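Values in this text are rule-based calculations from the coordinates and carry no lab data. Since this is a predicted model, take the numbers as computed values, not measurements. Cβ coordinates were reconstructed from backbone atoms using ideal geometry, including for glycine residues, and neighbour counts include every protein chain displayed.
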Amino acid sequence: MTKEMRAFRRLHSAATATSVAGSDSLARLLAAAGRGDQAAFGMLYDELAGLVHGIVLRVVRDPSQAEEVTQEVFVELWRLAPRYEESRGSVKSWTATLAHRRAIDRVRSEQASRNRMERDAAGRPGEVESVGDIVETSLDNARVRRALGSLTPSQREAVELAYFGGHTYREVAVLLQVPEGTVKSRIRDGMIRLRDELGASS
Amino acid sequence: MSTNLDIHHLAAAYALDALDARERAVFEAHYPACVICSHDVREFRATLAAMGEASATPPPADLRARLMQEIGETRQLSPLLPGPVAHLAARRRPSALVLAAAAAVLLLIGLASFAFGRSSNDDRTFADALDHVLAQPDARLIELTATDGTGGRVQLAWSATAHQAALLADGLAPAGEGMAYELWLIDAGGPAPMRLLDPAADGSLRRTLTVDGTPVQWGITIEPRGGSPAPTGDVIFLGAA
Ligand SMILES: [Zn+2]
């Protein structure tokens, strides 16, 4: 596609998209994509690719596999676009959920899971890339850094092993050698604190 | 095993995808109708999305072109039909009082059909099954809405934990020569055939059903007599699970 054509199609999509009243621009793009508008979907990709790939890469680790999963996530987003409901959360939130779920599906095969358990048990916490490090190196997002800093080390560890390590809370309990109930509490308390710090509204 | 109290505390682990498959299924059956948990899930997911944004990483530049080519060859799913499902997340669990009142009405209907002549074992079994479903703490009463001018009324009492549902319909028109009503369990993967439904001559129907999976909606279509693996007819009744 030439640059001119792309520009034209963007304009066309933007025009189509604005005709849907009362939702934010991502929701409008997704609605247009849900009606088969590929150019709108391309714009959506431009907005969301970094979010999706960032999540997938942290969970899957292997760059070439992560790239495959990121592609799968967007194909799924395309397929499901006609079914998006705002009552289920914002487009960003929904997309992040799809991305994480896909990444987890990729790593949670039995063998992969065993390997991760061994890796995370052997190398923890150095081998597990810390959320804090990611934030430091990739973006100076002060709010997220502050929110993470407000967790206790054990809350943070439990949340990271679950979300980025891709472990179930039962696996986290084994890794940390603490009771399952303790891990559940750390995860819950940690998420509540993050939510309160980030003031995230869906 | 999770107790009923525990389940409201699983939203954070669920949002992190940190439940095993069984717990995930149990929680997914629970949270859409739970005011507390559906709120928590939305907020935790938004929190994680905000964290994800802080670690955003652009994928390799050539991915875009490959993706755009693939979606050009990929069929999209049909939209979920408007109506009941739009209120799924917002819908509140019926209060105990409403549930009890509705249960009493349903029981009366069930027992009436038992008392008035069609007194087969089937009717007795149905009344017992209905009673059993309604006794479950997660029992849901669902009215399937007629999507066009079709007459008749279809109600479903359903418990995810009991894996059981009781379906009551009245005033159904005959399905037509060589045709039958078919009930569909609709989940994220699309509609799955549940049961062929053959109303009595007076248009009434009482059926108990074994329900596995986590429906998002229930639907009824008219299909060829032998049933179809996927719906071919229009959805004539539809309700949020
Ligand atoms: Zn709950």
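Could you work out, residue by residue across A:157-169, how many beta carbons of other chains sit within 10 Å of that residue's beta carbon, and then give the average as an integer? Please report the intermediate quantities before stating the final value.
Numbers: counts 0, 3, 5, 1, 2, 7, 7, 2, 1, 3, 3, 9, 8.
Rounded to a whole number, the mean comes out at 4.
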Chain lengthening between B:ALA25 and B:HIS8 when straightened (0.36 nm per residue, less Cα-Cα):
4.7 nm
Trypsin sites (Lys or Arg not before Pro) restricted to the range B:1-82 and DSSP loop, no more than 12 other C-beta within 10 Å:
B:ARG75
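Regarding the range B:7-56, what whole-number volume in Å³ per residue does the convex hull of its Cα atoms give? Walk me through the numbers on the way to the answer.
On the way: hull volume 3.3 nm³, N = 50.
Normalising the Cα hull of the range B:7-56 by residue number yields 66 Å³.
From Cα pairs below 8 angstrom and at least 6 apart in sequence, can you work out the relative contact order of the range B:155-241, rounded to a whole percent? The partial results should precede the final answer.
Working: 183 pairs, mean separation 27.2, N = 87.
Relative contact order, the range B:155-241: 31 percent.
Between A:SER150 and A:GLU118, what length in nm is gained on full extension when 0.36 nm per residue of separation is reduced by their alpha carbon distance?
Working: separation 32, 0.36 × 32 = 11.52 nm, distance 2.91 nm.
Gain on stretching A:SER150 to A:GLU118: 8.6 nm.
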